[in-house]
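**Q** Before anything else, here's the structure in question.
The values are calculated or read from the model by the stated rules, or taken from the named source; none is laboratory data. The model shown is predicted, which means the values in this text are computed figures rather than measured ones. Every residue, glycine among them, receives a Cβ derived from its backbone with ideal geometry; neighbour counts consider all protein chains shown.
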Amino acid sequence: MLSNLVMTVIGPDRPGLVEMVTANVVEQGGNWLESRMCRLGGQFTGIVRVEVPSEKCDTLLASLSKLEHGGLHISARKEATVTPATAGSVAVLELVGQDRPGILHQISRVLAQHNVNVEELSSDRVNAPMDGSMLFQARVSVRLPASISLTQLRGELEKIASDLMVDVQLNPAANTSK
């Protein structure tokens, strides 16, 4: 029998962090299934899903906790069951605009009001190419419930886009097999 673990990983960025985590997974007969990792503000951070023989799960958790001594904090949860993706259409929301506090909050409020699920989100602040000011940009994969169409949600987002001074694009995802 196999168990799935979902982990968060964070610690001061330095070479070898991924190897430390993967070594512990492999030593317990585990398999690395999926992950998202990056450097944020000098910290290495990520989320990981691994599969490990059920009888080795507690041993893996114990070995991962020993990495705390090296400054790497790992939090893990056993995944009860792997649930299939919920029904609904998948879309990709892209936005870009002059950076200011509250952009993502306002956008996520509209999504929440319509029971739209955020499946993946990445955002960044970058220098504007012409004047060097800061731009906020985000790419969000969302799953729309049957109660709202892509056109309706696009309209709701466009209503607040001008107040936020952002350009918003909402399009069907190219691959909806997630």
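**Q** Answer yes or no: is there a residue in region 16-33 that is part of a strand (DSSP E or B), over 22 Å from the mean Cα position of the chain (by Cα) and either aliphatic (A, V, I, L, M) or closer than 30 Å to MET165 by Cβ (or both).
**A** no
**Q** Considering only region 126-158, state which residues are in a helix (DSSP H, G or I), closer than 22 Å to ASP99 by Cα and touching a residue at least 40 places away in the same chain (Cβ under 8 Å).
**A** Matches in region 126-158: GLU156, LEU157.
**Q** Just one of the numbered conditions (1) out of contact with any Leu (no Cβ under 7 Å at 6 or more places or on another chain); (2) β-branched (Val, Ile, Thr); (3) assigned by TED's automatic domain parsing to the domain that holds GLN152 is not true of VAL96; which one?
**A** Only one criterion in (1) out of contact with any Leu (no Cβ under 7 Å at 6 or more places or on another chain); (2) β-branched (Val, Ile, Thr); (3) assigned by TED's automatic domain parsing to the domain that holds GLN152 is unmet by VAL96, namely (1).
**Q** Of the residues VAL126, VAL110, which single one is at pLDDT below 95 and at negative phi?
**A** Only one candidate passes the filter, namely VAL126.
**Q** Looking for whichever is exposed (fewer than 13 other Cβ atoms within 10 Å of the Cβ), under 23 Å from the mean Cα position of the chain (by Cα) and farther than 19 Å from MET1 by Cα here; the options are ALA80, ALA87, ALA62. Which one fits?
**A** Among ALA80, ALA87, ALA62, only ALA87 is exposed (fewer than 13 other Cβ atoms within 10 Å of the Cβ), under 23 Å from the mean Cα position of the chain (by Cα) and farther than 19 Å from MET1 by Cα.
**Q** On to the next question. VAL126 is checked against (1) out of contact with any Asp or Glu (no Cβ under 6 Å at 6 or more places or on another chain); (2) under 17 Å from ARG154 (Cβ atoms) and fails just one. What number does that condition carry?
**A** For VAL126, the exception is condition (2).
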